[in-house]
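Right, one structure below, let's go through it.
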Amino acid sequence: MAELVREELQALAAIFCGPHEWEVLSRSETDGTVFRILTRAQGLLDADTPLELVFHLPVHYPSCPPRVAVNSEPLTRAQCAAVEERMLEQAQSLLMGPMVHELVLWVQQNLRHILDQPETGGGRQKCAVSASAATAGDGLWLTLLHLDHMRARGKYVRTVQKWAADLGLTGRLMFLGRTILILLQGERNNIKDYLVLQKSSKVDVDSSGRKCKEKMLSVLFDSEAQREHRRFLEFEVKEYSALDELRAEFEAAGLSRLFSQVLGLLK
C-alpha cells in the first residue's frame, strides 16, 4: 500500500475514534482497502440523520476516486443512491490527494441540499412519507447463487459479466478456492431473466469438453433487498485468498447473517 494511503488511513482512524465510528473491513494488495465510517449530518427539516459510509480505495487511489456506498435508516434507497452519486462527483475534483475526510465533511455540509433536489424524491412533502412506504416500490432484489464448478472458466466468467451488464445487474462473482458464488442485485424480473439464461444456455463444458448447460446451480438466498443491505455500484469479479476476505465482503454488503450459509459450503 502506498505510504500516502497508509498515512490517510491512520489519520482517519484517529479522527473517527468514537465507538463503532471506524472499521476496516478488508485489505488486499490487489483489491485495495474497504472501510466503514459512521457519522451524522443534517437532513431534511434539519433532522439529525445517521450515515453509514463504506469506502473502497482501489489500488490506484488517489489517482482514481474511491467507490462509495451509503446506507441510512431514515433515507430511501433512491436518496442513498443520490448521495453516492454526488459524493463521487465531488471526488473527481479531489484526485491525486487524500480525500476521504474531505468527502465526509462535504456530505455532512450538503446532505440537506442533496435530499431537497426533486430527482431524489426529497422536499418537505416527501419527508412526511414513512420510510417503509417510500421504499416499497423500489423493487431492488438480492439473490445469492452457488456454482459447483467452472470448467471453461474464462468463457464462463465473460458470459456472466455480459449477462449482468445486459440486464442492468450489479453485485459480485466470487471465488474462494473451489467455492464459486454469484451475488446479484437489481430488479427482480431481471434477476429471473438471468436465472433463465444461466440454466438454459450452454455456458460451460462437460468432462469430455462438450458444451453443456449449467445443471449444478443452487439458489442460497432470494429476497427483496433490505435497508441493511448495501447498494452495489457495479458487477465485479473477485478472487479471495482467505476466508476472512470473503467474510469482510459479506459484512460490507450488510449480509453477515447470510455468510453462515456460505460457511456451510466451505466445510
*Extreme residue, positive dipole direction of the chain, given options S63, L233, G154 (C-beta unit charges)*: G154
*Per residue, how many Å² of accessible area does the chain show with a 1.4 Å probe?*
51 Å²
_Amide H of L51 versus every other amide H placed in the peptide plane: which residues, excluding those fewer than 5 positions away on the same chain, fall under 5 Å?_
T39, R40, A41
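Quick check: net charge around H20, other residues with Cβ under 14 Å of its Cβ, Lys/Arg +1 and Asp/Glu -1? Don't jump to the answer; show the numbers that get you there.
Details: positive: R36, R40; negative: E21, E23, E52, E251.
Computed value for this residue: -2.
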*Given A91, F16, A164, which one lies farthest toward the positive end of the charge dipole of the chain, if we put +1 on the Cβ of every Lys and Arg and -1 on the Cβ of every Asp and Glu?*
A164
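What number in nm² do you get for the chain if you take the convex hull of its Cα atoms and divide its surface by four? Before the final figure, lay out each step's value.
Working: hull surface 60.1 nm².
The orientation-averaged projected area of the Cα hull of the chain comes to 15.0 nm².
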*Quick one: helix 3-15 against the long Cα principal axis of the chain, what's the angle to the nearest 10°, folded into 0 to 90?*
60 degrees
*Determine the distance separating the Cα centre of segment 20-95 from the Cα centre of segment 134-193; give it in Å without decimals.*
23 Å
*Please determine, in degrees from 0 to 90 and to the nearest 10, the orientation of helix 100-115 with respect to the longest principal axis defined by the Cα atoms of the chain, where the helix direction is its Cα long axis.*
80 degrees
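Find, among the trypsin sites (Lys or Arg not before Pro) in segment 1-60, those assigned to loop by DSSP (not H, G, I, E, B) with at most 12 other beta-carbon atoms within 10 angstrom.
Details: sites: R6, R27, R36, R40; in loops: none.
Taking segment 1-60 and a limit of 12 other Cβ atoms within 10 Å, no loop trypsin sites (Lys or Arg not before Pro) are found.
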*asked:* Could you check the spin-label model distance between D222 and R178? Points 7 Å from the Cα along Cα→Cβ, value in nm.
replied: 2.6 nm
*Give me the orientation-averaged projected area of the Cα convex hull of segment 161-222, in nm², one decimal.*
4.6 nm²
*Under a point-charge model restricted to the Cβ atoms of Lys and Arg (+1) and Asp and Glu (-1), what is the dipole moment magnitude of segment 1-110 relative to its Cα centre, in debye to the nearest 20?*
120 debye
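What is the sum of charges, Lys and Arg at +1 and Asp and Glu at -1, for the other residues whose Cβ falls under 15 Å from the Cβ of A242? Walk me through the numbers on the way to the answer.
Values: positive: R27, R178, K238, R247; negative: E29, D31, E239, D244, E245, E249, E251.
Surrounding charge for A242 is -3.
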*Average Cα contact separation per residue, the chain, under 8 Å, 6 or more apart, as relative contact order %*: 16 percent
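Mind putting a number on the dipole of the chain about its Cα centre? Charges go on the C-beta only, +1 for Lys and Arg and -1 for Asp and Glu, and I need it in Debye to the nearest 20.
On the way: 32 positive and 35 negative charges, 267 e Å.
Here the size comes out at about 1280 debye.
The values are calculated or read from the model by the stated rules, or taken from the named source; none is laboratory data. Predicted model only: the values in this text are computed from it and were never measured. Please note: Cβ atoms are built from the backbone with ideal geometry, for glycine as well, and neighbour counts cover all protein chains shown. These area figures cover heavy atoms from the full protein model, side chains too; ligands, DNA and RNA do not enter into them. Shrake-Rupley method; radii C 1.70, N 1.55, O 1.52, S 1.80 Å.
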